[in-house]
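*Asks:* So that we are looking at the same thing, I have put the structure below in structure tokens.
The values are calculated or read from the model by the stated rules, or taken from the named source; none is laboratory data. Here the structure is a predicted model, which is why all the values come from computation and not from measurement. Positions of Cβ are generated from backbone atoms using ideal geometry, with glycine treated the same way; all protein chains shown enter the neighbour counts. Just so you know, the surface numbers come from the protein's heavy atoms only, side chains and all, with ligands and any DNA or RNA stripped out. Shrake-Rupley method; radii C 1.70, N 1.55, O 1.52, S 1.80 Å.
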Amino acid sequence: MKLILNESSHKTMRNHAQADYPNECCGFFYGDAGDRRIVQEVQPVHNAKEGDQRRRFQIDPKDYQKAEKYALEHGIDLLGVYHSHPDHPAEPSEHDRKVAMPWFSYIIISVQDGKAEVTRSWRLNEQRQFEEESIEQTEIRRT
Amino acid sequence: MAKVIIPTPLRKYTNQHRTFDTQADNLSDALQAFVDEYPDVEENLLDDNGNIRSYIKLYIGDEKVSPNENGTIAIDNDTEVSIVPAIAGG
């Protein structure tokens with residue numbers, strides 16, 4: 001399991017995570033699904049969780065519906081969801097695990113004192129346990 | 001022909017197909033046809049009582065619909081049904 005993440009996409013996620021600190025941010029990413037998943041596009045969405053957003057996020061079902069349609073229309077795959085962990089490690093919580101969907105990659109960005117520090121990615125296995133997915137970071141291609 | 005948009009996490013059970021077309025004229029029959037076509041979808045879509053799982057929402061266009069609560073829901077050739085899993089975490 002490997003996720004290829006370019007500098008630009010990663011920056012978009014990190015900036016979003018920092019901007020929403022001390023709340024959790026969330027969003028989608030799209031690209032090419034395969035043994036190596038290649039992230040091509042990032043789409044921040046609003047954290048729709050009512051109440052304390054410092055420890056929880058929720059995506060509006062309509063945003064999800066739009067995301068799937070966007071992927072269909074553009075011939076790309078909705079690869080997964082990213083979110084931030086303000087002042088916590090970039091590891092899935094038990095709550096993350098319980099509500100996670102199979103197949104998706106879950107990118108978690110740890111934000112310490114407002115600064116995005118560590119980015120890791122996770123995927124559920126057949127036993128519904130998270131396994132880390134290695135991230136290969138690539139530079140922006142300049143043409 | 002009504003169309004069901006298959007959410008990405010379920011596509012491993014649908015031979016990677018992204019949509020499912022059906023001639024059914026109501027939502028329950030459309031879902032049954034979908035499950036009949038791809039039996040592995042069933043346990044991820046329906047609970048033990050055959051109802052849609054609590055973390056899955058169904059939309060027709062922009063409108064949330066629930067055959068569990070609303071009974072028979074008519075669909076026609078232009079209907080687009082979205083299966084929307086709840087996405088959340090902490």
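*Asks:* Quick check on this structure: which one of B:Ala88, B:Ala33, B:Ala24 is open to solvent by 10 Å² or more (accessible area, probe 1.4 Å) and either part of a strand (DSSP E or B) or closer than 30 Å to A:Arg54 by Cβ (or both)?
*Replies:* B:Ala88
*Asks:* Only one of A:His95, A:His88 is of a type outside the set (Lys, Arg), surrounded by fewer than 17 Cβ atoms within 10 Å (Cβ to Cβ), modelled with pLDDT of 95 or more and touching a strand residue (DSSP E or B) at 6+ places or on another chain (Cβ under 7 Å); which?
*Replies:* Of A:His95, A:His88, the one residue that is of a type outside the set (Lys, Arg), surrounded by fewer than 17 Cβ atoms within 10 Å (Cβ to Cβ), modelled with pLDDT of 95 or more and touching a strand residue (DSSP E or B) at 6+ places or on another chain (Cβ under 7 Å) is A:His88.
*Asks:* When residues of region B:3-24 are filtered for being of a type in the set (Val, Ile, Thr) and more than 8 Å from chain A (Cβ to nearest Cβ), how many remain?
*Replies:* Qualifying residue count for the region: 4.
*Asks:* Just to be sure before I move on: is B:Asp76 within 14 Å of chain A (Cβ to nearest Cβ) and out of contact with any Cys (no Cβ under 8 Å at 6 or more places or on another chain) in the structure I sent?
*Replies:* Against the criterion (within 14 Å of chain A (Cβ to nearest Cβ) and out of contact with any Cys (no Cβ under 8 Å at 6 or more places or on another chain)), B:Asp76 does not qualify.
*Asks:* Let me ask something else. Can you name the condition, by its number, that A:Arg36 falls short on among (1) more than 14 Å from the chain's Cα centre (by Cα); (2) open to solvent by 20 Å² or more (accessible area, probe 1.4 Å); (3) within 12 Å of chain B (Cβ to nearest Cβ)?
*Replies:* Here A:Arg36 clears every test but (3).
*Asks:* Given the criterion over 24 Å from B:Leu58 (Cα atoms) and without any contact (Cβ under 8 Å) to a residue 12 or more places away in the chain, identify the matching residue among A:Glu91, A:Glu68, A:Glu126.
*Replies:* A:Glu126
*Asks:* Which of (1) within 23 Å of A:Lys66 (Cβ to Cβ); (2) away from chain A (no Cβ under 14 Å) does B:Pro39 not meet, given it meets every other one?
*Replies:* Result: B:Pro39 passes all but (1).
*Asks:* Inspect all residues belonging to region A:73-85 and state whether any of them is within 12 Å of chain B (Cβ to nearest Cβ) and touching a Cys at 6+ places or on another chain (Cβ under 6 Å).
*Replies:* There is at least one residue in region A:73-85 that is within 12 Å of chain B (Cβ to nearest Cβ) and touching a Cys at 6+ places or on another chain (Cβ under 6 Å).
*Asks:* Another question, then. What single numbered condition from (1) within 14 Å of chain B (Cβ to nearest Cβ); (2) closer than 23 Å to A:Gln43 by Cα fails to hold for A:Glu126?
*Replies:* (2)
*Asks:* If you take the residues of region B:42-73 that are within 14 Å of chain A (Cβ to nearest Cβ) and part of a loop (DSSP other than H, G, I, E, B), which of them is least open to solvent (accessible area, probe 1.4 Å)?
*Replies:* Checking each candidate, the answer is B:Ser66.
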